[in-house]
1. Please give the length that would be gained between I10 and M43 if that part of the chain were fully extended, namely 0.36 nm times their separation in residues minus their C-alpha to C-alpha distance (nm, one decimal).
2. Report, by chain and number, residues whose modeled amide H sits under 5 Å from the one on S80, excluding near sequence neighbours (fewer than 5 apart, same chain).
3. How much length is gained on full extension from S35 to K108, taking 0.36 nm per residue of separation minus their Cα-Cα distance?
4. Using a 1.4 angstrom probe on heavy atoms only, work out the carbon and sulfur share of the accessible area of the stretch 10-52 in %.
5. In sequence order, what are the phi-derived ³J(HN,Hα) couplings for the stretch 118-133 according to the Karplus relation 6.51 cos²θ - 1.76 cosθ + 1.60 with θ = phi - 60°, rounded to whole Hz, with x for glycine and proline?
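The values are calculated or read from the model by the stated rules, or taken from the named source; none is laboratory data. Quantities reported herein were computed from a predicted structural model and do not represent experimental measurements. The protein model used for the area step is the full one, side chains on, heavy atoms only, and it has no ligands, DNA or RNA in it. Shrake-Rupley method; radii C 1.70, N 1.55, O 1.52, S 1.80 Å.
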Amino acid sequence: MIALTEERLIRRLTLPAGRKLTDPFQMTSLSNDLSELPPFGLMDIFNHLIMSKADYDKGMLSSWRSFEEYNPCLNGHIQSLGVKTVRDLDGNDFFVFVAGVIPTQKEKTQEGEKLYGLLFILDSNGSAYCAFCRCKGEADQGCRHLGATLFELDDFLSNQRNSVTSMSAY
């Protein structure tokens, strides 16, 4: 199981123009500064979880505040979230996120760790390029740990960025 999981990780670490990333779980100098990120929000979460890879349906996302992936976000299961900007061979920037997430059903992961390690990569438009979690359900790139982390990022960015309606009209 671990060898297959690591093989999936390696396949996901090649960017579109061919740059091969080193293991993000070993990356140094991850930043907590999210101010330079491209726009990211519920539509990007929808596109990744429903339209691309994962086993979700539109009804599940329409009630996103009440379904399983949002609860770990609310309950503080996302323990760390760092980002590093990397440039692909064609000059396009990608944002590699690495997170640690408390398991939702047990005290420890199946490997005996306190946190699941996960990563996701956003392209320069804020769309999810790929994702990976070390849990058993990661094969479709849409486990609950990833969903919770994407919602955590959206919540954080929504509270940090000014919306058009929060600014004076004159």
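1. That works out to 9.2 nm of additional length.
2. Answer set, sorted by chain and number: G100.
3. 23.0 nm
4. Result for the stretch 10-52: 55 percent of the exposed heavy-atom area is carbon or sulfur.
5. Karplus-based 3J(HN,Hα) across the stretch 118-133 equals 9, 9, 8, 10, 9, 7, 5, 9, x, 8, 6, 7, 7, 8, 7, 9 Hz.
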